[in-house]
Amino acid sequence: MERKVKKKFHLPHIYVLLVSFIIVCAVATWILPAGEFDREANESGTELVVPGTYHEVEQSPVGPFEAVKSIYEGMVAGADVVFFVFVAYASIGLIIASGAFNGLVAWMLRILKGNARVIIIPIFITLIGAASSSIAVFEEMFPFIPIFVGIAIAMGYDAIVGLAIVALGTGLGYSGSIMNPFTVGMAQEIAGVPQLSGSGYRLICHLAMILVASIFTIRYALKIQKDPTKSLVYGDDFSHLAMSEDDVHKHPFGIREKGVLAVLVAGIVVIVWGVKVQGWGFGDIATTFLIMGVISSFIMGWGPNTIAEKMANGFKDIAVACLMIGIARGILVILQSGHIIDTVVYGLSIPLTNLPGWLSSIAMLIVQTLINFLIPSGSGQAVTSMPIMAPLADLVGISRQTSILAFQFGDGLSNVLWPTASAPIICGIAGVKIEKWWKWFVPLFLLILLTQAVLVAVSTVVWPV
C-alpha cells in the first residue's frame, strides 16, 4: 500500500501574496464605511489631521478593474524608490564585483578568531542605526544588503544574519531615533513639543533595543556556525552573493581594492553631507552611488563594456525586488481610493480613551504598529496619527512625549515586518524567502515589542504630565 507523503506548507510567491493583500483591501472598501478627517496646513505647510473631525464620506468601493489597475498605479507611485533601488543596487554591485569586500573580510578574519568574529554584528547594527537615527536613511541602505550577506556567509553564518544586520540597524534606528527629521522631528512639531527634547531617554531606548537584537542575532549566528544545517536557509542558493572563507583568505587586498573601499567611504560621507546639509533626495543619492561605482570600476581597470555588462547583471538581479515595491504600493492606492485609511485609524484610536495611563501608552504602541501596516511612511503616519494621539495623551493623563515614543516604536522596526512596507523588498534583495525571514524575525520582533512596551510604560514615569 502506497504511503502518502505529507507535503510541507509553503507560502505562495511574494507577488501572489501581495496581490492577495490588494484583493483583501479592495473587498474592505465595500465593507468598511468610507471616512475622512478634516485636515489643515500648519505654519510649515504640512497637512495635519484635525482631531475630532472624523466623518463619513460617500462610499467609494474599489471594483475589480480598479483593483488590477492599482498594481500599475502603485508602480508609478513608487517609481522614485523603484529606480533608486535599481541604480543604487547595480552601482554597489560594481563595488562588490571589485573584490574589495573579499579583501576586507579576509583582513577581518585574520584579526578576529573564532567566536570573536560575532562582534561585527553589534558594531554594524549600531553604526547603521546611528545613520538611520540621525539622517533618516532607510531605503538608502538597501544596496548594502548583498554586501553584508556576503560577509556573513564568509564568516560561517548565513544570509539571514547578513540581512538582519542591515534590517535591524535601519529599523531600530528609526525606532530609537533622537533627531530623525521625518519622524521624531515632525511628530514633536505636530505635538507642540520642543525639538530634540527627551533625547536622553530615547538614546537609552535605542541602546536597549540594539542590545536585545544583537544578543538574539549573535545566538543564532553562533548556532549556524556550529551546525550549518540549523540555518533557516540551509540548502538555498546564494552563490551569486556568497564568499567562501578559503577564497576570501586568498583574495588580494592591494592598492586597487583599498582604493575602491576609500571611494565607498568618501561616497558615504558625501551622501551624509548631502542629506543632512543639502536636503538631498533619491535622485542625488542614486547619482552619487552611480559615480562611486564607475570610479571604482576605473580603479579596477575595467573598460566601458565591462562596466555596462556588470550594471546590466545588477539590474537583472534586482528586478524582482523592485517590482515588489510597485505591487506593495498598490495596496496603499486601494486604501486611499476607497477612503478607508482614516476609518481604520479612527477605529483603532477609540479604545485608548478607556484605559489607565500606563496601559494606554502600551495600547498606543500596538495601535501605531498596526497603523504602520496601512501607512508605512514615517512622515505620513506622523501627520495622520499624531494629531489624534497627542490630544489623546492629554485625555488619558500621559505626556505627549510618550505618545511620540509610541509612534516611533510603532513606525520603526515594523517596516521590516509588514508586507506593505519593506519586508518583501529586503528579502528580494537578499535572496531570502519572505516566509523564512518571518520565521526568524517574528520571535525577535515580539521580543523587542515587549521591550518597547516596558520602555513606553516607564516613559510615563520619566515624562510625567
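The values are calculated or read from the model by the stated rules, or taken from the named source; none is laboratory data. Bear in mind that the values here come from a model prediction, so they are computed numbers and not experimental data. Virtual Cβ from ideal backbone geometry, glycine too; neighbours counted across all protein chains shown. Side chains included, ligands, DNA and RNA excluded: accessible areas come from the protein's heavy atoms. Shrake-Rupley method; radii C 1.70, N 1.55, O 1.52, S 1.80 Å.
Here are a few things to note about the model shown:
- Taking the criterion of being open to solvent by less than 10 Å² (accessible area, probe 1.4 Å) and more than 20 Å from the chain's Cα centre (by Cα), the residues of the range 356-371 that qualify are Ser360, Ser361, Met364.
- Condition check for Trp273: free of Cβ contacts under 8 Å to residues at least 40 places away in the same chain, open to solvent by 30 Å² or more (accessible area, probe 1.4 Å) and in a helix (DSSP H, G or I): yes
- Test: residue in the range 182-198 that is over 30 Å from Ala286 (Cα atoms), surrounded by fewer than 19 Cβ atoms within 10 Å (Cβ to Cβ) and not polar (S, T, N, Q): yes
- Helices (runs of 4 or more DSSP H) lying entirely in the range 125-192 (those with 3 or more residues that are more than 21 Å from Met209 (Cα to Cα)): 145-154, 186-191
- Of the set (1) surrounded by fewer than 24 Cβ atoms within 10 Å (Cβ to Cβ); (2) at pLDDT 90 or above; (3) β-branched (Val, Ile, Thr), all apply to Ile128 but (2).
- Restricting attention to the range 231-248 and to residues that are outside any loop (DSSP other than H, G, I, E, B) and either among the charged types (D, E, K, R) or exposed (fewer than 14 other Cβ atoms within 10 Å of the Cβ) (or both), the residue that is modelled with the highest pLDDT turns out to be Asp246.
- Members of the range 145-170 that are of a type in the set (Ser, Thr, Tyr) and within 20 Å of Gln225 (Cβ to Cβ): Tyr157
- Look at the range 400-416: where a residue is within 17 Å of Ser197 (Cα to Cα) and open to solvent by less than 10 Å² (accessible area, probe 1.4 Å) and a partner is small (Gly, Ala, Ser) and not in a helix (DSSP H, G or I), sitting 6+ places away or on another chain with Cβ atoms under 7 Å, you get Gln408/Ser177.
- Against the conditions (1) open to solvent by less than 20 Å² (accessible area, probe 1.4 Å); (2) under 16 Å from Gly410 (Cα atoms), Tyr174 satisfies every one except (1).
- When Leu17, Leu11 are checked against the criterion of being at pLDDT below 80, touching a helix residue (DSSP H, G or I) at 6+ places or on another chain (Cβ under 6 Å) and either more than 27 Å from Ser349 (Cβ to Cβ) or not in a strand (DSSP E or B) (or both), a single residue qualifies: Leu11.
- Checking each residue in the range 320-355 for being touching a residue at least 24 places away in the same chain (Cβ under 8 Å), among the small types (Gly, Ala, Ser) and open to solvent by 20 Å² or more (accessible area, probe 1.4 Å) picks out only Ser337.
- Which numbered condition Val396 fails, given (1) among the hydrophobic types (A, V, I, L, M, F, W, C); (2) touching a Leu at 6+ places or on another chain (Cβ under 9 Å); (3) open to solvent by 10 Å² or more (accessible area, probe 1.4 Å); (4) closer than 24 Å to Ala208 by Cβ: (4)
- Test for Tyr201: is it under 20 Å from Phe441 (Cα atoms), of a type outside the set (A, V, I, L, M, F, W, C) and surrounded by fewer than 24 Cβ atoms within 10 Å (Cβ to Cβ): no
- Verdict on Ile318 being closer than 30 Å to Gly103 by Cα and aliphatic (A, V, I, L, M): yes
- Just one residue in the set Gly176, Gly185 is closer than 19 Å to Ala406 by Cβ and touching a His at 6+ places or on another chain (Cβ under 8 Å); that residue is Gly176.
For every residue, the table says whether it meets (1) at pLDDT below 90; (2) more than 30 Å from Ala390 (Cα to Cα).
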{"position": "Gly35", "(1), (2)": "no, no"}
{"position": "Ala41", "(1), (2)": "yes, no"}
{"position": "Val50", "(1), (2)": "yes, no"}
{"position": "Val57", "(1), (2)": "no, no"}
{"position": "Pro61", "(1), (2)": "no, yes"}
{"position": "Phe86", "(1), (2)": "yes, yes"}
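- Screening Gly267, Gly259, Gly301 for residues that are modelled with pLDDT of 85 or more and part of a loop (DSSP other than H, G, I, E, B) leaves exactly one candidate, Gly301.
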